[in-house]
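All remarks here apply to the structure that follows.
The values are calculated or read from the model by the stated rules, or taken from the named source; none is laboratory data. Bear in mind the structure is a predicted one, so any value in this text is a computation, not a measurement. Cβ placement follows ideal geometry from the backbone for every residue including glycine, while neighbour counts extend to all protein chains displayed. Note: accessible area is taken over every heavy atom of the protein model, side chains too, but ligands, DNA and RNA are not part of it. Shrake-Rupley method; radii C 1.70, N 1.55, O 1.52, S 1.80 Å.
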Amino acid sequence: MLVDVTGTPDFTRQPKIELHIHLDCSLMRSALHRLGDPIGETDFRRIYTAPERCSTLLTYLMAIEPSCAVLQTAPALRIAMEELLRALASDGVIYAEIRFAPHTHQGGGLGLDEVMAAVTDGLAAGMEATGITAGLLLCALRDYTPEQNLPVIDLAHRWRDRGVVGVDLAGDEAGHPAAANRSVFNRAHELGLPVTAHAGEAAGPDSLREVIDLLRPARIGHGVRAIESEDILAEIKARNLHLEICPSSNIQVGVFGAYGDHPVDQLSRRGLSLSINTDARTVAPLSLSLEYRRLAKCFGWRAGEFLAHNLEAVRHAFLPASEKAGLSARLIDGWGARD
Ligand SMILES: [Zn+2]
């Protein structure tokens with residue numbers, strides 16, 4: 001295992017699973033180059049990266065706009081997805097679920113199926129080039145109406161055999177209760193689509209309760225503010241809900257003050273099912289290897305913790321059991337002998 005000058009392992013080469021990453025927060029500079037923009041690193045960071053500390057989740061969401069502005073054509077979507085898979089592969093990710101809201105990529109006149117065709121072309125090209133596997137999660141948005149979000153669920157159903165593995169609820173949690181889109185997720189369940197939902201990040205236990213009861217997700221994006229309620233923690237455990245935890249992203253949007261204040265270690269010690277994720281690789285300049293280094297430095301996590309949480313990620317991935325066995329074996333092979 002490579003180590004840096006402080007003795008912390010590099011983690012780049014260890015196999016990893018990533019269940020929570022947004023395409024529009026992870027536009028690679030290499031994708032812009034391929035699209036004809038020769039942008040340098042400094043300008044790229046200035047334009048496409050959010051402030052290290054955002055005052056609210058909404059400030060962070062606004063920082064995604066320059067990336068979204070690019071991702072409005074078929075070539076941009078195809079190349080952005082392909083380059084993201086290359087970045088994931090070079091970070092040691094062996095399976096990823098990548099999410100995006102297809103109805104936010106229609107500014108250039110693309111129909112929803114044209115958006116999907118471009119993204120799935122990029123997905124196939126990226127998998128072919130890197131050898132990693134990945135699935136897509138389509139996001140309904142809290143600040144959109146059921147009339148706007150329902151077509152996303154039907155789209156997920158139509159593209160399920162062509163890369164889509166599930167659906168998500170994303171967007172501004174504090175300003176938009178999930179209840180408004182309950183019918184959208186009823187439809188997802190009718191169609192047998194696996195559901196995850198962002199909750200317990202910009203709002204607390206009441207929002208988690210609402211999402212758990214009304215949307216009935218199998219996983220929760222973030223869910224970190226469950227730490228504020230013993231009842232919610234017990235409920236999450238009893239229902240075997242998996243938390244997709246993104247520590248650096250939570251720090252960036254101000255959910256917690258410092259990395260050491262993040263409850264990920266407490267949640268891990270209390271036996272919650274959780275995985276470690278980036279959320280974003282451009283809006284926050286992040287990799288999963290860097291996130292692991294932070295966890296190792298701050299909480300003393302070692303191979304045992306990382307392997308356990310990667311195996312939990314596979315257990316709760318929206319994949320058939322037949323595909324999970326191979327991923328688990330690769331994780332055990334990559335992490336098992338090291339500590
Ligand atoms: Zn997210």
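Just to be sure, is T42 part of a loop (DSSP other than H, G, I, E, B) and more than 16 Å from the ligand (Cβ to nearest atom)? For T42, the condition - part of a loop (DSSP other than H, G, I, E, B) and more than 16 Å from the ligand (Cβ to nearest atom) - is not met. Taken over the range 40-95, the residue count meeting the criterion of being surrounded by fewer than 22 Cβ atoms within 10 Å (Cβ to Cβ), without any contact (Cβ under 8 Å) to a residue 60 or more places away in the chain and of a type in the set (V, I, T) is 4.
Would you confirm, using the coordinates I've provided, whether S249 is crowded, with 19+ Cβ neighbours inside 10 Å, at pLDDT below 95 and within 15 Å of the ligand (Cβ to nearest atom)? So S249 fits the description; yes. Restricting attention to the range 94-121, the residues that are closer than 30 Å to Q14 by Cβ and within 16 Å of the ligand (Cβ to nearest atom) add up to 5. Residues considered: R281, R293, R239. Of these, the only one that is closer than 30 Å to S30 by Cβ, modelled with pLDDT of 95 or more and surrounded by fewer than 21 Cβ atoms within 10 Å (Cβ to Cβ) is R293.
With respect to the conditions (1) β-branched (V, I, T); (2) within 14 Å of the ligand (Cβ to nearest atom); (3) in contact with a Gly (Cβ under 8 Å, 6 or more places away or on another chain), T278 lacks only one, and its number is (3).
With respect to the stated conditions, G304 fails to be farther than 19 Å from H222 by Cα, free of Cβ contacts under 8 Å to residues at least 12 places away in the same chain and out of contact with any Gly (no Cβ under 9 Å at 6 or more places or on another chain). Looking only at residues that are farther than 11 Å from M81 by Cβ and of a type in the set (G, A, S) in the range 97-129, which one is least open to solvent (accessible area, probe 1.4 Å)? In this case the residue turns out to be A101. Can you say whether V314 is within 16 Å of the ligand (Cβ to nearest atom) and either closer than 30 Å to M81 by Cβ or of a type outside the set (A, V, I, L, M, F, W, C) (or both), as far as the supplied structure shows? So V314 fails the test.
Given the condition among the small types (G, A, S), open to solvent by 60 Å² or more (accessible area, probe 1.4 Å) and more than 16 Å from the ligand (Cβ to nearest atom), answer yes or no: does some residue in the range 26-34 qualify? The answer is no; no qualifying residue exists. Please verify whether L274 is over 30 Å from I153 (Cα atoms), of a type in the set (A, V, I, L, M) and not in a loop (DSSP other than H, G, I, E, B), treating the condition exactly as stated. No; evaluated as a whole, the condition is false for this residue. Checking each residue in the range 146-159 for being surrounded by 19 or more Cβ atoms within 10 Å (Cβ to Cβ) and either of a type in the set (S, T, N, Q) or in a helix (DSSP H, G or I) (or both) picks out N149, V152, I153, L155, A156. Among the criteria (1) part of a helix (DSSP H, G or I); (2) over 17 Å from A89 (Cβ atoms); (3) within 17 Å of the chain's Cα centre (by Cα), the one C139 does not fulfil is (1).
Can you tell me which of D231, D143, D168 is surrounded by fewer than 17 Cβ atoms within 10 Å (Cβ to Cβ), within 30 Å of S268 (Cβ to Cβ) and in contact (Cβ under 8 Å) with a residue 24 or more places away in the chain? The unique qualifying residue is D231. For the range 57-72, the condition of being under 25 Å from C139 (Cα atoms), in a loop (DSSP other than H, G, I, E, B) and at pLDDT 95 or above holds for at least one residue. The residues of the range 198-226 that are among the basic types (K, R) and not in a strand (DSSP E or B), listed by number, are R209, R216, R225.
Taking the conditions exactly as written (free of Cβ contacts under 8 Å to residues at least 60 places away in the same chain, hydrophobic (A, V, I, L, M, F, W, C), away from the ligand (no atom under 16 Å from the Cβ) and open to solvent by 10 Å² or more (accessible area, probe 1.4 Å)), does L214 satisfy them or not? Answer is yes for this residue.
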